[in-house]
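The values are calculated or read from the model by the stated rules, or taken from the named source; none is laboratory data. Everything numeric in this text was worked out from a predicted model, so none of it was measured. In this analysis, Cβ positions are derived from the backbone assuming ideal geometry, glycine residues included, and neighbour counts consider all displayed protein chains.
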Amino acid sequence: MKNDNKKQFNENQAEPMTEEQQGELLEKFDNESVVRKFANKKMALTVSLIAILYSLFHLYITFNPIPTLQQRALHVAVGMGLIFLIYPTTKKQDRSKIAWFDWGLFGLSMVSVGYLIMEYNAIVTTRGGIPNTTDIILAILTVLLVLEASRRVTGLILPILALVFLTYPFVSHMDWMPTKMITRPFDLGDIFGQLYLKTEGLYSTAVGASVNFIFLFILFGAFLQKSGLGQFFNDISLALAGHKQGGPAKVAVISSGFMGSINGSAVANVVGTGAFTIPLMKKIGYSKNFAGAVEASSSIGGQILPPIMGASAFIMAETTGVAYGTIALAALIPAVLYFFAVIMQVHFRAGRENLKGIPKADLPRIKEVMKERGHLLIPIVLLIVLLYQNIPVGHAAFYTIVATVLVAALRKNTRMSVKTVLEALDSGARQSLSVMIATAVVGIIIGVVNLTSFGNVMTTSIASLGAGSLFLTLFFTMFASMILGMGLPSIPAYIITATMAAPALAEFGIPILVAHMFVFYFGIFANITPPVALAAFAGAGISGGDPMRTGFAAMRLSIAGYLIPYLFVYNPAMMMIDTTNVAMNAKVFPMAPFADIIMITVTAIIGIVALSAAIEGYFKTTINTIFRIILGAGALMMIVPETLTDIAGLVIVAIIFGLNIVASRK
C-alpha cells in the first residue's frame, strides 16, 4: 500500500475528528459511550479482569452448558454488575472512580443470581415455580436493578416502556380499563414469579439468544477489530470507489455497511467511520446535511446486511425457529438492493453537482490492500461455511474467534499479542453489555405479554385498523414498528416489534419469516426517521449540519428501505423463498424458482435506478420537474411485482432515460 500517499491524502485533503472529539460526540448521542475513565490503575485492572472472566465464562459454557435459568441469570447478573462499575449514575458524576453505592449495586446484582443458584432445586422441584415471600423480594430487587442498569446504558426510553408494561397487570382488572384490555386480577406472586423464576420474563429466549449466540458474535467482532479489519474495510473501500464520481460518499456506503453489519450499533458506526468519511464528502462538495445522511443511511443499513446483521439474525432464528442460513439467504437480495439504491442516489447527486472523486495517486491500491490485510476475510468466510454446514451457531462463533487469532498471525502487521487478545476479551465483554441489558428489559415486556395476553390486544387492534385490507394492515404494522423501535438499538427494537406487531400479519397468512423481516426493517429504520433519528443526529454532529434536515435527508436516501419490505411481502421471491402452500408458522421454505428471483431482482434494480434519478433530478443530465414525476411513477411501477406494471414502467423509464441521454449529448 502507498502509505506515504495515503498519509498525504489524509493530512492534506481531509480533517478527520480526533479520538477525543469522537468520544464527546458519541457521549452526546449514544449512552453506551458514557463510561468511567479510572484514575486508579488497579481499579481499571480490576474491572478489566471481571470483563475478561465474563468473556471466558461465555466461551466455556459454549461447550459446557449449565441449567438454562442459572446460565441466563449469571449472564444478566454479572453483566449488570459490570454496568454499575463501568457506567456512572449520571453524565455529571465523577468518572475517575467508582461510587460506594455502585459497589453496593454490584453486590446486590451478585445476590440476585446467588439466590437463584442456591435455591434452584427448591424453585423447580419443591415449589414448582410458585414464589414465596423471599422469591418475590429478590424478584422486585432484580427488576429494579435491571431497570437502573438499562437507564445508564440505553437511556430512558426502554426502561420507561418496560415500566408502562409492568404497570398493566396491576391495573388490568379495573373497570375503567377498555373492555378488550380487562383481565383477571394478578398479585405480586403472579407478576414477579413470572419475571424472575421462569424463562418467560427477565430470563426469556431473548436473553437466551444473548448468552448463547449474540455475546460470542460481539466478541468475534471485537477480535476482528483488534486484528485490523476496520482498517481493511476503509482501505478496500477507498481503493474500489474513492476515485469514482462522488467517490468519498461511495466509500462511506461500502465501509459503513460492512462495519455496521459486524458491530451492531448504528450510532457507534456513524461516529467511528463517519469521523473519516464525512470530512472527505464535505471536502469534495457534498453539503453538510447530505454527508451526515449518507453515513447514517449506510450505518443503519448494516443492520440488515448478512452474514451477521448486527447479530439480529440470530435473535430472529431463535424467535421464529427458522434456520439462520435461511434467514441470511432471505435477507441478502433486499440488503443488496438497499445499498445499491443509496449508492445510485449519491452517484446522481455527484453528477448533478459535478463532484469528482479522489485522485488515484492518493489512494491505496486494491492489490496492496489485499496483500496486507485481505487474509482477515478468512474468518468471515469460515463463519458462513460453518453456519451453512449447520454447525451450532455458538460453536461456529467460537471456532471463528480462534480462527481470527490464528489468521491474524499470518502477517506481522495484524498479529495479535497476548495483551491484544486480552484487550479483545475485555472489549467484547464491554460491548455486549448494551445488548444483554436491553434483552433483559425486553424480557419484562415479554413476561407481561405472556402473562396478560396483551400481545393479542395489540394484534387485534392493528387488524381492526386494517379493516381486512392487507395493504392497510401492513401500513399500520409499519407505523407501530417504527413507534416501538424509536430510539432503541436494533436488537431490542426487533424483539419488541416481533412480539407486538408481527402477529398482526398472521391474519393474512403471511409466513412467519416474511412477517418478522417486515417489522425488523421498520424497527431498524426508526433510527433515521425524525423526530428521534439518533443515527442521523450523530451524523449531523460530525458534519456540522442541522440534525432534523440530516434526518430527512437520510430518509430520502433510504427510500428503498421503506419500499422493499412491502415488495417481499407481496412477492417473497425477492427473499429467494417460495411461500406457495406454506403455512404461516413454517420453519422450512423451499427455494423460489430461479426465473422468478431473476425477474424481480432485475426489475427492482431498474426501478431503483429510475427512482434514484427521479429523486435527485439527474441521469446523464438534469431532469425537469415534470419528467421527474413521470419517471418516479414509472420507477414505482417497475418496483411493484406485477407483469403489466413492469412492462408499463419499463416503457416510461426507457422513454425518459432516452430523452435525457439525447439532451445530454446536445
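Structural remarks
Yes/no per residue for (1) more than 30 Å from ALA592 (Cα to Cα); (2) touching a helix residue (DSSP H, G or I) at 6+ places or on another chain (Cβ under 7 Å); (3) surrounded by fewer than 22 Cβ atoms within 10 Å (Cβ to Cβ); (4) charged (D, E, K, R):
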site: VAL336; (1), (2), (3), (4): no, no, yes, no
site: PHE348; (1), (2), (3), (4): yes, yes, no, no
site: ALA361; (1), (2), (3), (4): yes, yes, yes, no
site: ARG365; (1), (2), (3), (4): yes, yes, yes, yes
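- Residue match in the stretch 453-470 (condition: in contact with a Gly (Cβ under 9 Å, 6 or more places away or on another chain) and aliphatic (A, V, I, L, M)): no
- Scope the stretch 105-132; condition of a type in the set (A, V, I, L, M, F, W, C) and either touching an Asp or Glu at 6+ places or on another chain (Cβ under 9 Å) or farther than 29 Å from THR89 by Cα (or both); matching residues: LEU105, MET118, ALA122, ILE123, VAL124, ILE130
- Residues in the stretch 217-230 include at least one that is surrounded by 24 or more Cβ atoms within 10 Å (Cβ to Cβ), of a type outside the set (D, E, K, R) and under 26 Å from ALA162 (Cβ atoms).
- Taking the listed residues PHE29, PHE38, PHE63, the one that is under 23 Å from ILE83 (Cα atoms) and modelled with pLDDT of 75 or more is PHE38, with no other qualifying.
- Restricting the stretch 130-146 to residues that are surrounded by 17 or more Cβ atoms within 10 Å (Cβ to Cβ) and among the aliphatic types (A, V, I, L, M), the residue that is farthest from the chain's Cα centre (by Cα): ILE136
- Pairs with Cβ under 6 Å, 6+ apart, first in the stretch 485-498 and closer than 15 Å to ALA317 by Cα, second surrounded by fewer than 24 Cβ atoms within 10 Å (Cβ to Cβ) and hydroxyl-bearing (Ser, Thr, Tyr): ALA498/THR319
- For the stretch 629-652, the criterion of being at pLDDT below 90 and touching a Phe, Trp or Tyr at 6+ places or on another chain (Cβ under 6 Å) is met by at least one residue.
- Condition met for PHE38 (in a helix (DSSP H, G or I) and surrounded by 13 or more Cβ atoms within 10 Å (Cβ to Cβ)): no
- Test for VAL449: is it among the β-branched types (Val, Ile, Thr), surrounded by fewer than 22 Cβ atoms within 10 Å (Cβ to Cβ), within 30 Å of ALA77 (Cα to Cα) and modelled with pLDDT of 85 or more: yes
- Unique residue being in contact with a Phe, Trp or Tyr (Cβ under 6 Å, 6 or more places away or on another chain) and either among the polar types (S, T, N, Q) or free of Cβ contacts under 8 Å to residues at least 24 places away in the same chain (or both) when the list is SER299, SER312: SER312
- Restricting attention to the stretch 490-527, the residues that are closer than 20 Å to ILE559 by Cβ and of a type in the set (Val, Ile, Thr) total 2.
- So ILE626, is it under 27 Å from PHE568 (Cα atoms) and either in contact with a helix residue (DSSP H, G or I) (Cβ under 6 Å, 6 or more places away or on another chain) or modelled with pLDDT of 90 or more (or both): no
- Residues in the stretch 281-316 that are surrounded by fewer than 22 Cβ atoms within 10 Å (Cβ to Cβ) and either among the charged types (D, E, K, R) or part of a helix (DSSP H, G or I) (or both): LYS282, LYS283, ILE284, LYS288.
- When GLY357 is tested against (1) part of a helix (DSSP H, G or I); (2) within 30 Å of ASP235 (Cα to Cα); (3) touching a residue at least 12 places away in the same chain (Cβ under 8 Å); (4) not aliphatic (A, V, I, L, M), just one condition goes unmet, and that condition is (1).
- So ALA99, is it hydrophobic (A, V, I, L, M, F, W, C) and without any contact (Cβ under 8 Å) to a residue 60 or more places away in the chain: yes
- Members of the stretch 323-349 found to be in contact with a strand residue (DSSP E or B) (Cβ under 9 Å, 6 or more places away or on another chain) and modelled with pLDDT under 90, listed by number: THR326, LEU329
- Considering residues of the stretch 585-637 that are assigned to a helix (DSSP H, G or I) and among the charged types (D, E, K, R) only, the residue nearest to the chain's Cα centre (by Cα): GLU616
- A count restricted to the stretch 380-409 and to residues that are touching a helix residue (DSSP H, G or I) at 6+ places or on another chain (Cβ under 8 Å), modelled with pLDDT of 90 or more and either of a type outside the set (A, V, I, L, M, F, W, C) or not in a helix (DSSP H, G or I) (or both) stands at 4.
- The set of residues in the stretch 317-354 that are among the small types (Gly, Ala, Ser) and part of a helix (DSSP H, G or I) comprises ALA317, GLY325, ALA328, ALA330, ALA331, ALA335, ALA341, ALA350, GLY351.
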